[in-house]
Amino acid sequence: MYPLTITTETKTYPIYIGHQLRFQVKSMLQENTISFDKILVITDDNVAPLYLDDVIRSFNSDIVYSYIVKNGEQAKSFNNYIHIQTYAIERNLTRNSLIIALGGGVIGDLAGFVAATFLRGVNYIQMPTTILAHDSAVGGKVAINHDLGKNLIGSFYQPAMVMYDLETLQTLPRRQQLAGFAELIKHALIDEDNSLLTKLQYQSLEQLFTDKVFLSEALYQGMKVKATIVNKDEKEAGIRKYLNFGHTLGHAIESETNYRVLHGEAVIIGMLFALYVSEIHFNKDLNFKGLKSWFEKLGYETHLPTTLNPEDLVVQMKKDKKVTDNQINMVLLEEIGKPTLQTFNDETIKQFLENFYSE
Ligand SMILES: NC(=O)c1ccc[n+]([C@@H]2O[C@H](COP(=O)([O-])OP(=O)(O)OC[C@H]3O[C@@H](n4cnc5c(N)ncnc54)[C@H](O)[C@@H]3O)[C@@H](O)[C@H]2O)c1
Ligand SMILES: O=C(O)C(=O)C[C@@H](O)[C@H](O)[C@H](O)COP(=O)(O)O
Ligand SMILES: [Zn+2]
């Protein structure tokens with residue numbers, strides 16, 4: 001598969017997608033003239049036993065360090081962030097050192113934010129190992145969570161390269177496959193070309209995750225949707241906000257459930273809510289019911305957790321980065337493939353949420 005390229009004001013870099021790439025890190029760094037004196041691989045305790053050795057094997061062990069965090073969303077913490085910085089300082093990493101983010105979106109966001117701030121910025125590469133990370137590894141949004149909300153401390157900091165070894169997806173648990181697939185559905189729903197959406201809808205879940213050719217083509221197409229947007233709007237001044245489709249409510253669900261609901265699972269409910277609001281706002285049939293039953297057939301929970309209430313969700317939604325003039329801005333769809341940003345006051349959102357509970 002030919003590599004995609006990200007070209008932004010701050011960096012141009014390649015995205016390689018293929019098989020066995022984890023064994024080729026050294027040669028691909030050389031090929032892309034990415035120099036380093038030392039390497040720090042940041043990963044988690046699920047990924048490390050599976051793939052860490054494959055990645056570091058070709059390097060001289062004197063210059064490679066690894067830092068393994070406990071897996072899960074809680075890893076995007078200030079505590080981990082500061083401990084990794086300390087680890088890097090104690091090992092005398094320099095401005096010419098390289099950080100490798102080996103794992104899913106949690107690792108990519110955490111390691112990327114460490115890289116963005118260590119010595120005011122060192123090179124890092126993304127080595128995504130989840131379906132979800134076809135999204136998170138691209139575009140340079142890096143962040144950790146604050147107790148008061150999701151992704152509240154972060155930066156835009158592009159990697160020097162992305163190496164997506166699709167072979168690693170074979171060990172992903174089913175719940176994580178499904179959660180990751182949510183971001184692919186997001187890319188399909190906001191893309192004006194409906195071919196990805198059609199492709200996904202004609203595939204059974206079983207085929208989807210077992211047909212490797214299909215999955216790699218679909219992920220490639222999803223990354224292309226993201227790359228096209230990031231190339232035009234790196235810092236989210238305009239159209240990049242569309243990549244936040246489903247996230248205004250999605251992030252609120254994640255933080256209100258203390259991250260028991262996974263990112264992708266929350267985004268599915270968030271996208272349905274955005275579709276529900278879109279149908280009312282534009283007085284149009286956008287196939288909310290059909291999409292909801294497709295999501296349910298795939299195995300997603302499509303209802304808001306009953307433990308959550310509209311007031312608390314609105315408080316969380318007000319922490320969204322798209323908020324302007326103290327008003328919530330949601331990405332809606334005027335049509336499938338035609339996203340737009342719309343402003344609502346708290347009371348209207350609360351009313352929509354109350355009604356959405358009974359949908
Ligand atoms: N920066 C961005 O643009 C962006 C985009 C989308 C999502 N995100 C962030 O990404 C995070 C979610 O990412 P995620 O779903 O990849 O979560 P994750 O990194 O927590 O990975 C999910 C789980 O799968 C395990 N795992 C990872 N790779 C594996 C493999 N190959 N085999 C077996 N187990 C494996 C992990 O240990 C973890 O338990 C959220 O924090 C979200 O906010 C960021
Ligand atoms: O790349 C983007 O832009 C996105 O919004 C992608 C999202 O899937 C991702 O979850 C992102 O981290 C959300 O960012 P935030 O700015 O809402 O924190
Ligand atoms: Zn997301």
Criterion (within 15 Å of ligand 1 (Cβ to nearest atom), aliphatic (A, V, I, L, M), out of contact with any Leu (no Cβ under 6 Å at 6 or more places or on another chain) and in a loop (DSSP other than H, G, I, E, B)) met by exactly one of VAL261, VAL225, VAL267, VAL230: VAL261
Tally of residues being surrounded by 15 or more Cβ atoms within 10 Å (Cβ to Cβ) and under 27 Å from VAL261 (Cβ atoms) across the range 73-105: 12
In the range 40-65, residue modelled with the highest pLDDT [restricted to those that are in contact with a helix residue (DSSP H, G or I) (Cβ under 8 Å, 6 or more places away or on another chain) and assigned to a loop (DSSP other than H, G, I, E, B)]: VAL47
Complete set of residues in the range 158-180 that are more than 15 Å from ILE107 (Cβ to Cβ), more than 10 Å from ligand 1 (Cβ to nearest atom) and not in a helix (DSSP H, G or I): GLN158, ALA160, MET161
Test: GLU279 is over 26 Å from the mean Cα position of the chain (by Cα), part of a helix (DSSP H, G or I) and exposed (fewer than 13 other Cβ atoms within 10 Å of the Cβ): no
LEU110 vs. criteria within 13 Å of ligand 3 (Cβ to nearest atom) and surrounded by 23 or more Cβ atoms within 10 Å (Cβ to Cβ): no
Cβ-Cβ under 6 Å pairs, at least 6 apart or on other chains, the range 240-257 side within 19 Å of LEU304 (Cβ to Cβ) and assigned to a helix (DSSP H, G or I), far side among the polar types (S, T, N, Q) and away from ligand 2 (no atom under 11 Å from the Cβ): ALA252/GLN316; SER255/GLN316; GLU256/GLN316
Exclusive hit being at pLDDT 95 or above and within 16 Å of ligand 3 (Cβ to nearest atom), set TYR276, TYR300: TYR300
Test set (1) among the acidic types (Asp, Glu); (2) within 30 Å of GLU217 (Cβ to Cβ); (3) in contact with a helix residue (DSSP H, G or I) (Cβ under 9 Å, 6 or more places away or on another chain) - ASP37 fails condition number: (2)
Residues within the range 303-320 that are more than 16 Å from ligand 3 (Cβ to nearest atom) and either outside the structural domain of LEU249 (by the TED database) or assigned to a helix (DSSP H, G or I) (or both), tallied: 6
Test result for GLU217, touching a residue at least 40 places away in the same chain (Cβ under 8 Å) and among the acidic types (Asp, Glu): no
Some residue of the range 214-227 being β-branched (Val, Ile, Thr), within 16 Å of ligand 3 (Cβ to nearest atom), under 30 Å from MET28 (Cα atoms) and out of contact with any strand residue (DSSP E or B) (no Cβ under 7 Å at 6 or more places or on another chain): yes
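The values are calculated or read from the model by the stated rules, or taken from the named source; none is laboratory data. Everything numeric in this text was worked out from a predicted model, so none of it was measured. Cβ sites come from the backbone with ideal geometry, for glycine too, and all protein chains shown count toward neighbours.
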